[in-house]
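The values are calculated or read from the model by the stated rules, or taken from the named source; none is laboratory data. Note that this is a predicted model, so its numbers are computed, not measured. Reconstructed Cβ throughout: ideal geometry from the backbone, glycine too, with neighbour counts over all protein chains shown. Remember, those area values only see protein heavy atoms, side chains included, never the ligands or the DNA or RNA. Shrake-Rupley method; radii C 1.70, N 1.55, O 1.52, S 1.80 Å.
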Amino acid sequence: MTGVLSIRYSDEQLRNLAARARELILRTAHHVGAGHVGGSMSAADLLVSLYFDELRIDPAAPHDASRDRFVLSKGHCALGLYVVLAMRGFFDEAELTTFDQGGSRLQMHPDMTKLPGIEMSTGSLGQGLSAGVGMALGARLGGPASTSHARTFVLLGDGELQEGMTWEALHIAPRYRLGRLTAILDHNGLQQYGWPPRAGERGDRRDPWAGADLAATFGGLGWRVVDIDGNDITEIRSALARTRTADPTDPPTMIIAHTRKGAGVSFMEMSIRWHTGAPDDAQLARALAELRETTTDHGEGVPA
């Protein structure tokens, strides 16, 4: 297809792009007074690496049959996806100011009927991987040869591991030998709701799967498992590069990406306060100052 990336970014440039994505996430949430900031920030490095370095896509031809597919299963973090789609050229960044407004294409959860580049409407947690299995199987079974080489990526939240439909998809994908399917688990270890609270407590919002050997569990189901730091661009790129070597009939790949909720801003990191909400003026200024300190120059991909 014509959408293969013509620019090869360095790790440093991708880090700068991720800082820019975090800036836009925070500016947008501040502007509209809403947004799932924490999970969008934890996934920023993953999304930038996918859209600027890995996915075979063309913003000018978003429905090209041979394109790679990406499904944001944790659809409540649509703000992070919208920001990266805008940066990649699917729509103008100015449209981000309409996020979550009436009539906007950028609703709190992604709508595939409204915005080019969205492959699946998500938000009801646990459904994205099943859709990805269907896309990967469909790419193998139908159409021209180029379509059969299309890859499918699904980004899951760790809270979705409590959904039965997720486990049905985890169980069936290896049976179909979907080597061009990659699931990425954004494993930040915090969720909005966890185990029910005991008397006098607010409840434990840590991942109920904490302590479980997820790599062994996924591997036991037949997945090819890669364990990485999901906020490290170098590790992300290495893991994604390994998926390119997969034969269509190899097992699917599960990338367990250990991330930090709210990554990139010290007072937001690993705080349930920032699962959802918007920074005030002072918090935004402090966060942007921290993000600017992480950039290495003022070239391509650096926040303006």
Please go through region 147-176 and give me each residue that is farther than 19 Å from Leu81 by Cβ and acidic (Asp, Glu), ordered by number.
Glu163, Glu168
Specify which of the listed residues (Ile25, Ile57) is surrounded by 19 or more Cβ atoms within 10 Å (Cβ to Cβ) and part of a loop (DSSP other than H, G, I, E, B).
Ile57
Give all pairs with beta carbons closer than 6 Å in which a residue from region 261-284 that is more than 23 Å from Arg15 (Cα to Cα) meets a residue that is open to solvent by 10 Å² or more (accessible area, probe 1.4 Å) and part of a loop (DSSP other than H, G, I, E, B); count only pairs at least 6 apart in sequence or on separate chains.
Thr276/His36; Ala278/Gly33; Ala278/Ala34
Residue tally, condition under 16 Å from Leu47 (Cβ atoms) and either outside any strand (DSSP E or B) or in contact with an Asp or Glu (Cβ under 7 Å, 6 or more places away or on another chain) (or both), over region 154-166
3
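Ser121: without any contact (Cβ under 8 Å) to a residue 24 or more places away in the chain, of a type in the set (S, T, N, Q) and open to solvent by less than 50 Å² (accessible area, probe 1.4 Å), yes or no? Reasoning before the result, please.
Working: without any contact (Cβ under 8 Å) to a residue 24 or more places away in the chain: no; of a type in the set (S, T, N, Q): yes; open to solvent by less than 50 Å² (accessible area, probe 1.4 Å): yes.
When the stated conditions are applied, Ser121 does not pass them.
In this structure, does Gly134 turn out to be within 19 Å of Ala65 (Cα to Cα), modelled with pLDDT of 95 or more, open to solvent by 20 Å² or more (accessible area, probe 1.4 Å) and assigned to a helix (DSSP H, G or I)? Explain how you work it out, then say what you get.
On the way: within 19 Å of Ala65 (Cα to Cα): yes; modelled with pLDDT of 95 or more: yes; open to solvent by 20 Å² or more (accessible area, probe 1.4 Å): yes; assigned to a helix (DSSP H, G or I): yes.
Answer is yes for this residue.
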Of the residues in region 272-301, those that are assigned to a loop (DSSP other than H, G, I, E, B), modelled with pLDDT of 90 or more and surrounded by 16 or more Cβ atoms within 10 Å (Cβ to Cβ) come to Ala278, Pro279
Counting only residues that are of a type outside the set (A, V, I, L, M, F, W, C) and out of contact with any helix residue (DSSP H, G or I) (no Cβ under 7 Å at 6 or more places or on another chain), which one in region 259-271 is least open to solvent (accessible area, probe 1.4 Å)?
Ser271
Which is outside any helix (DSSP H, G or I), closer than 21 Å to Ala216 by Cα and either more than 14 Å from the chain's Cα centre (by Cα) or not β-branched (Val, Ile, Thr) (or both), of Ala169, Ala150, Ala183, Ala173?
Ala183
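Would you tally the residues in region 70-98 being in a helix (DSSP H, G or I) and within 13 Å of Tyr51 (Cα to Cα)? Steps first, please.
Filtering region 70-98 for residues in a helix (DSSP H, G or I) gives 75-88, 93-98.
Pick out the ones that are also within 13 Å of Tyr51 (Cα to Cα) and you get 80-88.
Adding up the residues that qualify gives 9.
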So Ala210 clears everything in (1) surrounded by fewer than 14 Cβ atoms within 10 Å (Cβ to Cβ); (2) part of a loop (DSSP other than H, G, I, E, B); (3) modelled with pLDDT of 90 or more except one condition, right? Which one?
(3)
Would you point out the residue of region 238-258, among those that are open to solvent by less than 10 Å² (accessible area, probe 1.4 Å) and in a loop (DSSP other than H, G, I, E, B), that is farthest from His171 (Cα to Cα)?
Ala246
